[in-house]
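What follows is a single structure, written as structure tokens, with notes after it.
The values are calculated or read from the model by the stated rules, or taken from the named source; none is laboratory data. Here the structure is a predicted model, which means the values were calculated and not measured. We place every Cβ from the backbone using ideal geometry, glycine too, and count neighbours over all the protein chains shown.
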Amino acid sequence: MDMIKEKGSTLFGIMSLIVIDALEVDKTRITFNSTFEGDLGADSLDLYELLYQFELYLSVEISDEEAVDAFKTIGSLYQFLQPKCTWIDNPKSAEDYAKRGNAYSSIYFALLNYEKALEIDENCIDALIGRAELFQKEQKYEYAAMDVSKIIEISPNYPHIFCLRGNCYLGLADTMQLLISASDSDPTLGMDFRYNIDDILKKALDDFNKAIKADKNDFDAVLGRAKTYYRMGKYKEAAKDYEKAINNSSLTLESQEILDLIEKGYDIFTKKKESK
């Protein structure tokens with residue numbers, strides 16, 4: 001989503017972005033007097049989704065009773081949110097800027113706020129987490145892993161932190177493999193590979209093992225370890241972890257790696273498979 005003119009208020013700008021994205025309306029239709037149901041065409045399901053999005057991005061709680069009055073017009077919602085979100089228009093701390101970064105779907109504005117938070121406090125975990133997840137989304141896995149490593153130095157027991165770094169290493173390994181494949185087909189690329197894929201995969205495996213040791217029910221980590229084992233050619237171990245992940249998550253049997261393991265003769269028996 002593109003940033004629109006904020007009418008002197010960052011809160012109004014962020015609100016507009018959320019509404020434009022959720023309702024797929026043109027930015028010119030967003031005014032203080034715009035009604036959600038009449039002018040913007042929102043139905044009850046849309047309003048429920050908007051309620052969820054505002055609670056998620058602005059870190060606020062909106063009761064069903066409050067939502068009835070708040071979600072009449074853009075202006076009424078602004079008046080409801082403004083006293084709850086003073087940190088948006090008047091950020092003072094690193095945490096305020098980190099929350100502002102989380103509120104933006106625009107990568108540029110999110111990154112600006114994370115950077116500002118880290119200027120104030122280089123150890124602001126919320127900003128480091130936000131920036132790491134942003135880098136990961138943009139497939140800048142090296143930078144994401146660096147931010148996660150910083151968080152581990154500050155707070156090694158931060159929930160799911162090793163799973164996050166494991167996925168960063170896994171993404172970096174996949175990116176390097178693609179570059180190697182491209183270089184093999186076109187030697188003129190002259191790629192300078194700074195990383196050894198085997199070493200990166202070992203780091204990913206170590207992080208997933210740490211995550212699972214801390215929480216044996218962290219099936220995101222189990223799935224990450226399955227993918228890592230597969231890339232390392234350890235198909236038996238990969239099959240076992242995929243079975244655990246399938247039994248305890250929304251993962252399906254349609255994954256290419258799972259199909260390949262089945263073709264290689266590894267039986268991945270799951271409750272989902274047996275129930276069909």
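Scanning segment 217-248 for residues that are hydroxyl-bearing (Ser, Thr, Tyr) and free of Cβ contacts under 8 Å to residues at least 40 places away in the same chain gives 229, 230, 235, 242. The residue of segment 22-54 that is nearest to the chain's Cα centre (by Cα), among those that are part of a loop (DSSP other than H, G, I, E, B) and among the aliphatic types (A, V, I, L, M), is 25. When the test is whether a residue is at pLDDT 80 or above, outside any helix (DSSP H, G or I) and not basic (Lys, Arg), residue 209 does not pass it.
Highlighted here are the helices (runs of 4 or more DSSP H) found entirely within segment 55-141 that include at least 3 residues which are exposed (fewer than 13 other Cβ atoms within 10 Å of the Cβ) and among the charged types (D, E, K, R): 64-70.
Restricting 12, 32, 71, 80 to those that are over 24 Å from residue 135 (Cα atoms) and in contact with a strand residue (DSSP E or B) (Cβ under 9 Å, 6 or more places away or on another chain) reduces the list to 32.
Looking at 44, 16, just one residue is small (Gly, Ala, Ser) and either surrounded by 14 or more Cβ atoms within 10 Å (Cβ to Cβ) or modelled with pLDDT under 90 (or both), and that residue is 16.
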